[in-house]
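*Asks:* Dropping a structure here in structure tokens format, bear with me for questions.
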Amino acid sequence: MFSPTYRFVIVIVWVVVTAFVLPSGSTAQTSQLADWKNELAEAIDGKREFTANIVDQIFSFAELGFQEFETSAYLVELLREHGFTVEEGVAGIPTAWVATWGSGRPKISLGTDIDNIPKASQTPGVACHLPLVEGAPGHGEGHNSGMAVQITAALAVKEIMEREGLGGTIQIWPGVAEELVATKAYYVREGMFEDVDIVLYAHVGNNLSTSWGMTPGTGLISAMFTFEGSAAHAGGAPWRGRSAADAVNLMEVGWNFRREHLRTQHRSHSIVYDGGDQPNVVPSKASIWFYFREKNYPQIRDLFAIGDSIAQGAAMMSGTVLDDVRIIGSAWPGHFNQVIAEAMYENIQRVGLPQWAEDDQRFAQATQREVGTFESGLATELSILRPALTEAQRTAGFADDIGDISWNVPTATLSFPSNIPGLPGHHWANAMAMATPIAHKGATQGAMAQAMTLLDFMVRPELVDQAWDYFENIQNREIQYTPFIRPSDQPVTEMNAEIMEEFREEMRKHYYDSDRYDSYLDQLGVSYPTLRQPDGRCTVGSVSEQGN
Ligand SMILES: [Zn+2]
């Protein structure tokens, strides 16, 4: 981020430079830009197969946070093939990377997540629960589609920039381990956004939309509390042991009593991560993992501090020691930029929703029926660009660590319609559409809107300036970003390694081979859409659900 004075000088230089490239006079500029946007839509329409291939390929890799090795290797190679310079292993995270193309200002950064959900394996195009690999992770959030949007958009804009000799830099990066909200604060700490003018983020949704102001959701600290006791023969000499598992249980019980006396806006949940080894050995080590969610920075800090005091109480009661409190992930509640969102929304209106086929709607409704929600089908009307939410309207519970980036650079998120409305989220049902024509069409439409927005900010320096004005004088007027991660914290890159190791070999058999097949559905032999059989069985070819 540059100082306002430095920024002013940069913008002046840039205005002078772009004046030579774009026809002078604002009307000529506007009509030139409109022509280029039409060209972008046409070019991206012609890249449908390319976009769908990225969606399908990442779907088939289905990797959990910090273990996105296949996904990242594939994307890095793809971007290098298309002229990007890629730095790998950024911020000390093996699967993180930053790709850059172009030179000079503005520098516009495109990011989107790539990881997935435990136990969400699902055969795509089948509207009932049919795992590809039983118990394995799957794209039950839809993070396999964002890179297809961002890369297709970037390449289409790059073609115009090259032909017209336009200056400017495009940066692309992956949201590694977003499901653990565990990397973006480290990206910020690493300085990845220090010379970035704006960030255009993309996330799967079920409409083509964007928003500005505070997000409806929360921010959070996710922390692992590890207790140390002492082992003993649980039958022979239990009085000689001190159980770390007791401390874990006491912390959970203590938290659930305290829950009644917390703000109703808060949300919190935990799992026992390590409960000991076997019952006849008094557990000498045990861990419990909490998510502490609240609306704003000070409340999130307070909630974490309450967790810490309950952990100390649990240690005292059980005669154990609170050995370690490790921050696994964290997220600032997001704040999106009005100027970027308004420009993006104009392009959304220009692009409109995909043309859904009857099969897409039939599949969507069958999926909705399967999870017991309204059978509304896919979105056929664009949602509005709502005004900023008041504090009382911020009632949602989710979080995303894009929040941290949004407090360091003007940022907005494009939500694109690659998934079905009304699904539970973080669930196999959310994977059903994610390698079907629904996901493909949604990603293409998203790429069109994103490409147009990228071009807007590339060639209209005044827009970047206005975005910074909102960022500095409205968003950040009273709030100072302070990361939740402490200087000693490091990314938990070993997370999920064991789970992936357990399933990787079996999953590898299902990797998408785009040289041999037209689509992933084609490779899997799934006829689209496949609905539950009249006799209630969930089956495709020789694969069948065990029981119902
Ligand atoms: Zn997500």
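The values are calculated or read from the model by the stated rules, or taken from the named source; none is laboratory data. Since the structure is predicted, the reported quantities are computational estimates derived from the model, not experimental observations. Note that we place each Cβ from the backbone using ideal geometry, even for glycine, and neighbour counts take in every protein chain shown. For the accessible areas, the whole protein counts, side chains as well, though only heavy atoms, and no ligand, DNA or RNA atoms are used. Shrake-Rupley method; radii C 1.70, N 1.55, O 1.52, S 1.80 Å.
*Asks:* If you check every pair at least six apart or on different chains, which have Cβ atoms under 9 Å apart with a residue in the stretch 348-362 that is β-branched (Val, Ile, Thr) first and a residue that is assigned to a loop (DSSP other than H, G, I, E, B) and open to solvent by less than 40 Å² (accessible area, probe 1.4 Å) second?
*Replies:* Ile348/Leu208; Ile348/Thr210; Val351/Leu208
*Asks:* How about the stretch 257-370: which helices (runs of 4 or more DSSP H) wholly inside it have at least 1 residues that are among the basic types (Lys, Arg) and over 30 Å from Asp469 (Cβ atoms)?
*Replies:* Answer list for the stretch 257-370: 358-370.
*Asks:* Just give me the residues in the stretch 461-508 being polar (S, T, N, Q) and in contact (Cβ under 8 Å) with a residue 40 or more places away in the chain, in sequence order.
*Replies:* Gln466, Gln475, Asn476, Thr482, Gln490, Thr493, Asn496 - these are the residues of the stretch 461-508 that are polar (S, T, N, Q) and in contact (Cβ under 8 Å) with a residue 40 or more places away in the chain.
*Asks:* Further, regarding this structure: Out of the residues in the stretch 269-284 that are surrounded by fewer than 20 Cβ atoms within 10 Å (Cβ to Cβ) and touching a Gly at 6+ places or on another chain (Cβ under 8 Å), which is nearest to Thr226 (Cα to Cα)?
*Replies:* Ser284
*Asks:* Val76 versus (1) without any contact (Cβ under 8 Å) to a residue 40 or more places away in the chain; (2) part of a loop (DSSP other than H, G, I, E, B); (3) not acidic (Asp, Glu): which is the lone unmet condition?
*Replies:* In the conditions (1) without any contact (Cβ under 8 Å) to a residue 40 or more places away in the chain; (2) part of a loop (DSSP other than H, G, I, E, B); (3) not acidic (Asp, Glu), Val76 misses (2) alone.
*Asks:* One residue is enough: does the stretch 170-190 have a residue meeting the conditions within 16 Å of the ligand (Cβ to nearest atom) and of a type in the set (Lys, Arg)?
*Replies:* Looking through the stretch 170-190, at least one residue is within 16 Å of the ligand (Cβ to nearest atom) and of a type in the set (Lys, Arg).
*Asks:* Which of the residues belonging to the stretch 62-71 are part of a helix (DSSP H, G or I) and buried (at least 23 other Cβ atoms within 10 Å of the Cβ)?
*Replies:* Selection gives Thr71 alone.
*Asks:* For the stretch 430-470, name all the residues that are surrounded by fewer than 24 Cβ atoms within 10 Å (Cβ to Cβ) and not in a helix (DSSP H, G or I).
*Replies:* Answer for the stretch 430-470, where residues must be surrounded by fewer than 24 Cβ atoms within 10 Å (Cβ to Cβ) and not in a helix (DSSP H, G or I): just Arg460.
*Asks:* Hey, among the residues in the stretch 103-117 that are assigned to a strand (DSSP E or B) and surrounded by 23 or more Cβ atoms within 10 Å (Cβ to Cβ), which one's nearest to the ligand (Cβ to nearest atom)?
*Replies:* It comes out as Asp113.
*Asks:* Could you list all residues from the stretch 119-145 that are within 16 Å of the ligand (Cβ to nearest atom) and outside any loop (DSSP other than H, G, I, E, B)?
*Replies:* Of everything in the stretch 119-145, just one residue is within 16 Å of the ligand (Cβ to nearest atom) and outside any loop (DSSP other than H, G, I, E, B), namely Gly138.
*Asks:* Suppose we filter Glu381, Glu391, Glu375, Glu370 for residues that are of a type outside the set (Ser, Thr, Tyr) and touching a Cys at 6+ places or on another chain (Cβ under 9 Å); which single one remains?
*Replies:* Of the residues listed, the single one that is of a type outside the set (Ser, Thr, Tyr) and touching a Cys at 6+ places or on another chain (Cβ under 9 Å) is Glu370.
*Asks:* What single numbered condition from (1) within 16 Å of the ligand (Cβ to nearest atom); (2) surrounded by fewer than 19 Cβ atoms within 10 Å (Cβ to Cβ); (3) of a type outside the set (Phe, Trp, Tyr) fails to hold for Glu159?
*Replies:* (1)
*Asks:* Let me ask another. When you go through (1) surrounded by fewer than 20 Cβ atoms within 10 Å (Cβ to Cβ); (2) at positive phi one by one for Gly213, which number turns out not to apply?
*Replies:* The single condition Gly213 does not satisfy is (1).
*Asks:* Quick check on Leu220: is it within 17 Å of Phe398 (Cβ to Cβ), among the aliphatic types (A, V, I, L, M) and buried (at least 20 other Cβ atoms within 10 Å of the Cβ)?
*Replies:* So Leu220 passes the test.
*Asks:* Would you mind finding the one in Ser222, Ser230 that is in contact (Cβ under 8 Å) with a residue 12 or more places away in the chain and within 16 Å of the ligand (Cβ to nearest atom)?
*Replies:* Just a single option satisfies the conditions, and that option is Ser222.
*Asks:* Also, quick follow-up: Within the stretch 495-517, does at least one residue satisfy the condition of being under 25 Å from Asp360 (Cβ atoms), hydroxyl-bearing (Ser, Thr, Tyr) and open to solvent by 20 Å² or more (accessible area, probe 1.4 Å)?
*Replies:* Yes, that holds for at least one residue.
*Asks:* Scan the stretch 246-298 for residues that are in contact (Cβ under 8 Å) with a residue 60 or more places away in the chain and acidic (Asp, Glu) and jot them down.
*Replies:* Asp246, Glu294
*Asks:* On to the next question. Kindly provide the set of residues from the stretch 363-407 that are open to solvent by 70 Å² or more (accessible area, probe 1.4 Å) and basic (Lys, Arg), ordered by number.
*Replies:* Arg369
*Asks:* Would you point out the residue of the stretch 408-420, among those that are open to solvent by 10 Å² or more (accessible area, probe 1.4 Å) and touching a Phe, Trp or Tyr at 6+ places or on another chain (Cβ under 6 Å), that is nearest to the ligand (Cβ to nearest atom)?
*Replies:* Here the residue is Thr413.
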